[in-house]
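The values are calculated or read from the model by the stated rules, or taken from the named source; none is laboratory data. Predicted model only: the values in this text are computed from it and were never measured. Here the Cβ positions follow ideal geometry from the backbone for every residue, glycine too, while neighbour counts run over all protein chains shown.
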Amino acid sequence: MTGSNDDLLGAIRLHGTIPAHIAIIMDGNGRWAQARSLPRPAGHQAGMAAVREIVEGGLQAGVDVLTLFAFSQENWQRPPAEIDALMRLLEEYIAKEAAQLRDQGVAVRFLGDLERLSPSAQRAVDSLVATTAGGANLALNLCISYGARAELARAARLIAEEVKAGRLVPQDVDEACVAQRLYTAEWPDPDLLIRTSGEYRLSNFLLWQLAYAEFYVTPVLWPDFTRVHLFQAIQDYQQRDRRFGRVSL
């Protein structure tokens, strides 16, 4: 599955269903930097440029929702200098991209335990959400300080509080009840999960929402991932037989 940007884009538009929701584990920034004898923050800087490339590719392809795993709860255990660099990059990304994202009709949301961010990062996050509110061309979810197990525990706490308050009874707690209390409640579950850098694991990402997603793993490191790679992943997705547990007749 190779070809130019325009050829691939035309092929996926012509020959199959575009996944409405794509989730991406953006992996490989550190290895990209190491291979070039650069400090790890340089890899994260390069990865930031790849985010713009994939957002624009998603807009071209007609994707409705793009959810990117940017910073996990486990990442808080990294060296303080690297965390500080990541937070500065987050603020830099917001300052640099806000106007273009708004003009492109991209509505940005941040999913995760945002209270752990620095006050300046929280202000930047709130500003970007407000600036892009109402964008109708693409919903861009950036998972920051995110962990799927923590998200599920949060949903369980919310349900328990409602049962305690008498607004719910245990018999009301079904899959839909849980899904409505996840960060992603307003969007459909991902159709396609892409993981860069060749690793075959979920890394505590969207454990509930990915139950029936198609997986696509590429050895390409995230800073090198382009819209052509995105279109190749979509093309591969279009060849899958999605049965959701049913038998094709």
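Might you check whether a residue that is out of contact with any helix residue (DSSP H, G or I) (no Cβ under 9 Å at 6 or more places or on another chain), assigned to a loop (DSSP other than H, G, I, E, B), aromatic (Phe, Trp, Tyr) and in contact (Cβ under 8 Å) with a residue 60 or more places away in the chain occurs anywhere in region 197-217?
So far as region 197-217 goes, no, none of its residues is out of contact with any helix residue (DSSP H, G or I) (no Cβ under 9 Å at 6 or more places or on another chain), assigned to a loop (DSSP other than H, G, I, E, B), aromatic (Phe, Trp, Tyr) and in contact (Cβ under 8 Å) with a residue 60 or more places away in the chain.
Are any of the residues in region 153-174 assigned to a helix (DSSP H, G or I) and in contact with a helix residue (DSSP H, G or I) (Cβ under 6 Å, 6 or more places away or on another chain)?
yes
Would you say residue 63 is outside any helix (DSSP H, G or I) and in contact (Cβ under 8 Å) with a residue 12 or more places away in the chain?
Taking the combined requirement at face value, the residue satisfies it.
Among what's in region 108-144 and is modelled with pLDDT of 95 or more and of a type in the set (Ser, Thr, Tyr), pick the residue that is surrounded by the fewest Cβ atoms within 10 Å (Cβ to Cβ).
Ranking the qualifying residues of region 108-144, first place goes to 127.
Here are the criteria: (1) modelled with pLDDT of 95 or more; (2) outside any helix (DSSP H, G or I); (3) touching a strand residue (DSSP E or B) at 6+ places or on another chain (Cβ under 7 Å). Tell me which single one residue 236 does not satisfy.
All conditions pass for residue 236, except number (2).
What pairs come up if the first residue lies in region 74-96 and is surrounded by fewer than 17 Cβ atoms within 10 Å (Cβ to Cβ), the second is aromatic (Phe, Trp, Tyr), and their beta carbons are under 7 Å apart, counting only those six or more places apart or on different chains?
Listed pairs, sorted by first residue: 83/76.
Conditions (1) modelled with pLDDT of 95 or more; (2) aromatic (Phe, Trp, Tyr); (3) out of contact with any strand residue (DSSP E or B) (no Cβ under 8 Å at 6 or more places or on another chain), marked per residue:
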site: 31; (1), (2), (3): yes, no, yes
site: 36; (1), (2), (3): yes, no, yes
site: 39; (1), (2), (3): no, no, yes
site: 44; (1), (2), (3): no, no, yes
site: 50; (1), (2), (3): yes, no, yes
site: 54; (1), (2), (3): yes, no, no
site: 57; (1), (2), (3): yes, no, yes
site: 63; (1), (2), (3): yes, no, no
site: 67; (1), (2), (3): yes, no, no
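Using the structure shown, decide if residue 243 is in a loop (DSSP other than H, G, I, E, B), surrounded by 13 or more Cβ atoms within 10 Å (Cβ to Cβ) and without any contact (Cβ under 8 Å) to a residue 60 or more places away in the chain. Before you say what the answer is, go through the steps one by one.
Details: in a loop (DSSP other than H, G, I, E, B): yes; surrounded by 13 or more Cβ atoms within 10 Å (Cβ to Cβ): no; without any contact (Cβ under 8 Å) to a residue 60 or more places away in the chain: yes.
Criteria not met by residue 243.
Of the residues 74, 91, 82, 97, which single one is of a type in the set (Asp, Glu), within 26 Å of residue 210 (Cα to Cα) and either modelled with pLDDT of 90 or more or part of a helix (DSSP H, G or I) (or both)?
Of 74, 91, 82, 97, the one residue that is of a type in the set (Asp, Glu), within 26 Å of residue 210 (Cα to Cα) and either modelled with pLDDT of 90 or more or part of a helix (DSSP H, G or I) (or both) is 74.
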